[in-house]
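Notes follow the structure.
The numbers here are math on the coordinates, done by the rules we state, and not lab data. Predicted model, so just to flag it, every value in this text is computed and none were measured. Cβ sites come from the backbone with ideal geometry, for glycine too, and all protein chains shown count toward neighbours.
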Amino acid sequence: MSSITRSTSPDIFPVSKSWWASRLFPRSRIHSEEAGQRIVLGEIIAGVEPLGDTLRAIDYITGIGAFPTVCIFRPTIGSDMEQVPSPRYEDMLIIFRHLYEACRRNNIPIDVTPNIEVSLIVQPGDTRYLAPHTFASSLYQSEMAMARWLARPYFAWKMQPKKITASDVLTRPVARGKGPGLEISASADWANA
């Protein structure tokens with residue numbers, strides 16, 4: 001785990017002492033540029049760190065253009081943190097309102113990709129109902145609706161069933177006939193493996 005600051009007590013959870021989030025994100029950006037791939041880190045566990053640190057983490061993640069997701073901390077029986085209390089409802093309300101507003105302020109697209117259903121985290125699109133309804137939020141929702149509409153052909157194309165071919169080595173033998181003593185047809189590579 002990484003922390004946005006060093007304020008989180010190591011007694012609560014094992015924060016990485018060598019890779020604080022303030023150092024991890026810039027390093028990730030350098031690595032993604034070198035590898036030629038985008039890397040997005042944005043999972044936040046809300047309720048473990050002080051409220052202000054969680055809000056700063058959301059601002060940092062959205063400020064670099066990443067898509068943050070928030071998991072609400074729940075103590076698990078038998079874990080090292082089973083005695084740590086669950087976060088207060090009022091704090092989670094502040095966090096989720098802030099999450100939505102941070103995405104809106106930084107123009108992070110939310111709910112554009114279809115069929116993303118995750119049960120353990122709260123995505124920014126899920127928080128729209130908690131944020132105050134303003135002209136800015138209405139405009140943002142209109143922009144996201146337009147982005148969804150414009151992205152539909154792309155996602156329809158990407159979600160088309162595609163034929164997947166495997167090499168003979170990976171193809172399982174095909175059984176022919178019925179009952180005991182089936183005739184097995186296999187490629188030479190499979191039979192010799």
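The table that follows gives values for the structure above.
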item: Sum of side-chain charges, ARG148 neighbourhood, beta-carbon under 15 Å (Lys, Arg +1; Asp, Glu -1); result: +1
item: Residue exposure sequence - GLU82, GLU143 - by fewest surrounding Cβ within 10 Å; result: GLU82, GLU143
item: Cleavage-rule hits, trypsin sites (Lys or Arg not before Pro), segment 75-165, DSSP coil, Cβ neighbours within 10 Å at most 14; result: ARG88, LYS162, LYS163
item: Extension gain, ARG148 back to GLU90 (0.36 nm per residue minus Cα-Cα distance, nm); result: 17.7 nm
